[in-house]
Amino acid sequence: MVTNATEVRPPKSATSNANHTAVTGMRWWREVGWRHIVGIVMIAVCVLPLLYVLSASLNPGGTLTGSNHLFSDVSLENYTNLDERGFWTWAANSLVVCTVTAVGTVIMGAAAAYAFSRFRFKGRRGSLTGLLLAQMFPQTLAFVAIFLLLLSLGEVFPALGLNSLLGLICVYLGGALGVNTFLMYGFFNTVPRELDEAAKIDGATHAQIFWTIILRLVTPILAVVGLLSFVSAFGDFLVAKVVLQRPEQYTVAVGLYSLAADERTAPWGLFAAGAVVAAIPVILLFLFLQRYIVGGLTSGAVKG
């Protein structure tokens, strides 16, 4: 008796679906999956140092080696001792300097950008190019000149000399004007000139057009320039160290450096606590102006 054995084969649809799933899985790892891995690694690289600094600030031992075990000992002793080192005076100085610098940079840069965008005068292109080229040289090259200039000004106007917050503000305003003017200039060019002409027909002056119309339309770039100026002035150490030489005039960056100048006896827990507190104003300002940042940077950079 002969039986016909029939070979049982899986349906073609099932086989093709399995191969398609495998191909899709490999493609997903090749095109998308590796990005998740890179993202997780970068998050760890960014977050772990922050956690380490926060743990060191809560460690009353005052050493970084004692903070290898994160949050093994939690205390607010370092934060309460900040006042004894004059930290809050440094924080107040930094807030005054950075706020005045940010506001002054926005007003001066916006006025210069409006003039370059709306007026036509001899040397306009050359002035814009000169502003851009001047920013190619780092400010560290001018340390000696800044020191000698403020030293000479201090003999005539003590408020603008060394150990003066006003003198430091003037240095910051002069250093940040060029690049911010060029950035604002590109954004001002996106505002239609027909608005200016319509306002002039109604009898508006250039000052009225600038303050009541143009500034309202370029709010994103104003927020971006103000934020960048505030952050750069808040974190600056080199220029502030050259200008300020008395502890009561220190900014946060210079004051924290004075705490950690001697690595053998530095109170690292106190230093970490000061760093955590100093980051709060920048974070709050960034969150407040976050909605303007992307639009202000892209529009000002690509349109001109």
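If the segment from Thr89 to Ile37 were pulled out straight at 0.36 nm per residue, it would be longer than the present Cα-Cα gap by 14.3 nm. Over the chain, DSSP H runs of length four or greater, each weighted -39,500 (n - 2.57), average out per residue to a 222 nm ellipticity of -22000 deg cm²/dmol.
Between Leu133 and Glu77, the modelled label-to-label distance comes to 5.9 nm, taking each label 7 Å out from Cα in the direction of the beta carbon.
A simple spin-label model places the labels of Arg125 and Thr140 3.6 nm from each other, with each point 7 Å out along Cα-to-Cβ.
Note on Leu270: accessible area is roughly 10 Å² with a 1.4 Å probe, heavy atoms of protein only.
Between Leu217 and Val47, the contour length at 0.36 nm per residue exceeds the Cα-Cα span by 57.5 nm. Distance from the alpha carbon centroid of segment 211-260 to that of segment 32-62 works out to 26 angstrom. Membrane-span-like helices in the chain, defined purely by DSSP H runs whose alpha carbon atoms cover 30 Å or more axially and whose average Kyte-Doolittle hydropathy reaches 1.6, are 34-57, 165-188, 268-288.
The values are calculated or read from the model by the stated rules, or taken from the named source; none is laboratory data. If you're wondering where the values come from, they're calculated on a predicted model, not measured in any experiment. Here Cβ is always computed from backbone atoms with ideal geometry, including for glycine, and neighbour counts include all displayed protein chains. These accessible areas exclude ligands, DNA and RNA; they are computed on the full protein's heavy atoms, side chains included. Shrake-Rupley method; radii C 1.70, N 1.55, O 1.52, S 1.80 Å.
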